[in-house]
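Participant: This structure is in structure tokens; I'll ask about it shortly.
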Amino acid sequence: MLMRHVALSLALSSALLLTLPATAAEPTTDAAPADSTPDNSPLVPAETDGRSGAGGDASEQSSLPLEDIQALAQVFERIKQAYVDDVDDKTLLRNAMRGMLEGLDPHSNYLDEDAFRTLHEMTEGAFGGIGIEVGQEDNQLMVISPIDDTPASKAGLQPRDLIIEIDGKSTDGMSLEEAVDLMRGDPGSKIDLTLLREGADAPIEVSLERANIQSASVNSRMLSPGYGYLRISQFQENTAQEASDAIASLKKQAGDNGLSGVVLDLRNNPGGLLDGAVNVADLFLDHGLVVYTRGRLKDSDMQFEANAETALPDTPMVVLINGGSASAAEIVAGALQDHHRAVVLGTESFGKGSVQSVMPLDDNTGIKLTTALYYTPGGRSIQAEGIEPDVTVQRGRLELEKSGFEIREANLRGHLQNARGEQEDDKAALPDSPIAADDYQLGEALNLLRGINVFQQPGMRQHDNASPDDRASGNTLTDSGNGASKNDTAPSDDAPDDTNP
């Protein structure tokens, strides 16, 4: 028995020596392709600071605690001998790898054949299931965000919902990989979830029908004449191109006057590919840093700069975020906020600021390992902090007050006419607020854009229907912005220099 323990210890030591240093010390761009992880995978390495790529001396890496290896071998042997069911060696070793990774952080895990295939399907935007991004917090299975136009979003699942049962099976102690595997399935098949939601008096039972998820990451529409809406639900391979096409369509719909403002909606966006986020941010920036990463490996230290060409160089922007905005969505919001390119409105984001690299072990399996943290252009780490909005607007519902009949000057008998004459027929009725009533945060974003445009107008507004005689006489105000008419005298020499800003 002793010889068996020693042999098993040596075998496990050899396996660990062969796998761990190799993946840690020799990462390549092929081993961590940017298009193979739904979180944030490094792209092209930037200039390094000369640190050891392995994070220490080779002798430090090759030394393994013999006592702990022996303890691992004993656990292995006792499971083989005493566990109620027979378990093969391959299953135990894969579970050991899975446990090592899941014990590090919520985003590192072992990818078996199914998980490895699923990962590729997600980045390509097509997979079978209910359309939900999940994570673990305090060992509880939590909804990060439902994907737009999927069974999960249609059933009303919300960010930070806790999934306590899947088809009657408790998720307590369940690994993230096992939970995802249970929720995936053939289109048309049924699945029942039990949720805990903050503020709810009792668990919520939800029944869903799985679907073939073909998730377009971008959609757009006009909110109001001149004001466009761009929604990005997740960052995939073609998201930046889709966003560019959507912006071109919005410009065309806006006509000759162009776009007066754009709302970029990143609410409930769980993230996605790092290069997708960088390229989307680049659409709105003409210079400067977009994001940079820092990790132990020299290849993990990277930075990404914006190109000079932009899709919307001067158009005012508002970015919408909430607690479901995570990872790559936070990169975009943070970059636009730090560069003062957009006003960020909503509630605090999720706070996932770590980079995951996918490292294949063979053709069908691999590991997803957290290798770095990312930082906004201003040097903020988002990890466990999130993006604070510039303007906090909670989710809510707007109820419009129905006003009764109001007596105004124009209703009084014998009232004096306006100098321009009565034009009651030309007055449009007060517009309703269907956007704000349906989506209060979006309505506030639109109002903010309108306010920005009013504030940026030069001088004082002049009515289009002012008479030519009034304009010719010099009685109207100029566009100089100093509040003086054409016939006003110039300021004296002792006036302060800032009289005419």
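The values are calculated or read from the model by the stated rules, or taken from the named source; none is laboratory data. Because the structure is a prediction, the values reported are computed rather than measured. Methodologically, a virtual Cβ is constructed for each residue, glycine included, from the backbone with ideal geometry; neighbour enumeration extends over all protein chains shown. In case anyone asks, the SASA skips ligands and DNA or RNA and just uses the protein heavy atoms, side chains included. Shrake-Rupley method; radii C 1.70, N 1.55, O 1.52, S 1.80 Å.
Participant: Calculate one ³J(HN,Hα) per residue across the stretch 69-86 by plugging θ = phi - 60° into the Karplus curve 6.51 cos²θ - 1.76 cosθ + 1.60, and present them in order as whole Hz with x for glycine and proline.
Facilitator: 5, 5, 5, 4, 5, 5, 4, 4, 5, 5, 4, 4, 8, 10, 5, 4, 10, 6
Participant: Stick to Cα atoms and the Kirkwood definition of Rh, then tell me Rg/Rh for the stretch 277-425. Mind dumping the intermediate values first?
Facilitator: On the way: Rg = 24.7 Å, Rh = 18.9 Å.
Ratio value, two decimals: 1.31.
Participant: While we're here: To the nearest Å, what is the center-to-center distance of the stretch 145-177 and the stretch 196-237, using C-alpha atoms only?
Facilitator: 14
Participant: If you look for lysine pairs in the stretch 69-225 that are eight or more places apart or on different chains, how many of them have Cα atoms under 26 Å apart? The partial results should precede the final answer.
Facilitator: Working: Lys80/Lys90; Lys90/Lys169; Lys154/Lys169; Lys154/Lys190; Lys169/Lys190.
For the stretch 69-225, qualifying lysine pairs total 5.
Participant: So what's the stretch 217-287 giving for Cα Rg divided by 2.2 N^0.38 Å, two decimals? Let's see the in-between values first.
Facilitator: Values: Rg = 12.1 Å, N = 71, 2.2 N^0.38 = 11.1 Å.
Normalised by 2.2 N^0.38 Å, the Cα Rg of the stretch 217-287 equals 1.09.
Participant: Heavy atoms only, 1.4 Å probe, whole protein assembly: order Lys252, Lys352, Lys80 by accessible area, highest first.
Facilitator: From most exposed to least exposed: Lys252, Lys80, Lys352.
Participant: Å³ per residue of the Cα convex hull, for the stretch 265-328? Present the calculation step by step, with values, prior to reporting the outcome.
Facilitator: Values: hull volume 6.1 nm³, N = 64.
That works out to 95 Å³ per residue.
Participant: At most 11 other Cβ atoms within 10 Å and a DSSP loop assignment: could you name the GluC sites (Glu not before Pro) in the stretch 179-217 that fit?
Facilitator: Those satisfying the criteria are Glu198.
Participant: Another question about this same structure. With every protein chain left in place and a probe of 1.4 Å, what is the accessible surface of Ile452, to the nearest 10 Å²?
Facilitator: Surface accessible to solvent at Ile452 totals approximately 40 Å².
Participant: Would you list Met222, Met317 from the most to the least accessible area, probe 1.4 Å?
Facilitator: In descending accessible area the options line up as Met222, Met317.
Participant: By how many nm would the segment from Gln383 to Ser249 grow when fully extended, if each residue of separation counts as 0.36 nm and the alpha-carbon distance is taken off? Intermediate results must be reported in sequence, preceding the final value.
Facilitator: On the way: separation 134, 0.36 × 134 = 48.24 nm, distance 3.54 nm.
Roughly 44.7 nm would be gained on extension.
Participant: Go from 0 up to the bin containing the longest alpha carbon distance in the stretch 180-231, width 10 Å each, and give me the % of pairs per bin.
Facilitator: P(r) for the stretch 180-231, in whole percents per bin: 18, 26, 26, 24, 5.
Participant: Let me ask another. Keeping all protein chains in place, calculate the accessible area per residue for the stretch 68-190 (probe 1.4 angstrom), answer in Å². Could you put the intermediate results ahead of the total?
Facilitator: Values: 6410 Å² over 123 residues.
The answer is 52 Å² per residue.
Participant: Sort Leu72, Leu66, Leu336 by accessible area with a 1.4 Å probe, largest first. Don't skip to the answer; put the middle values down first.
Facilitator: Values: Leu72 70, Leu66 110, Leu336 0 Å².
If we order Leu72, Leu66, Leu336 from most to least accessible, we get Leu66, Leu72, Leu336.
Participant: Count neighbours as other Cβ atoms within 10 Å of each site's Cβ, and list the chymotrypsin sites (Phe, Trp or Tyr not before Pro) in the stretch 170-261 that are DSSP loop with at most 16 such neighbours. Intermediate values should be presented prior to the final figure.
Facilitator: Numbers: sites: Tyr227, Tyr229, Phe235; in loops: none.
The qualifying sites: there are none.
Participant: Against the empirical 2.2 N^0.38 Å scaling, what ratio does the C-alpha Rg of the stretch 139-283 come to? Please report the intermediate quantities before stating the final value.
Facilitator: On the way: Rg = 18.4 Å, N = 145, 2.2 N^0.38 = 14.6 Å.
Its radius of gyration relative to the 2.2 N^0.38 Å reference: 1.26.
Participant: Which of the GluC sites (Glu not before Pro) found in the stretch 291-395 are in a DSSP loop and have at most 16 neighbouring Cβ atoms, other than their own, within 10 Å?
Facilitator: Details: sites: Glu305, Glu309, Glu330, Glu348, Glu385; in loops: Glu309, Glu348, Glu385.
Loop-located and lightly packed - Glu309, Glu348, Glu385.
Participant: How much accessible surface area, in Å² rounded to 10, belongs to the heavy atoms of Leu373 with a 1.4 Å probe?
Facilitator: The accessible area comes out at roughly 60 Å².
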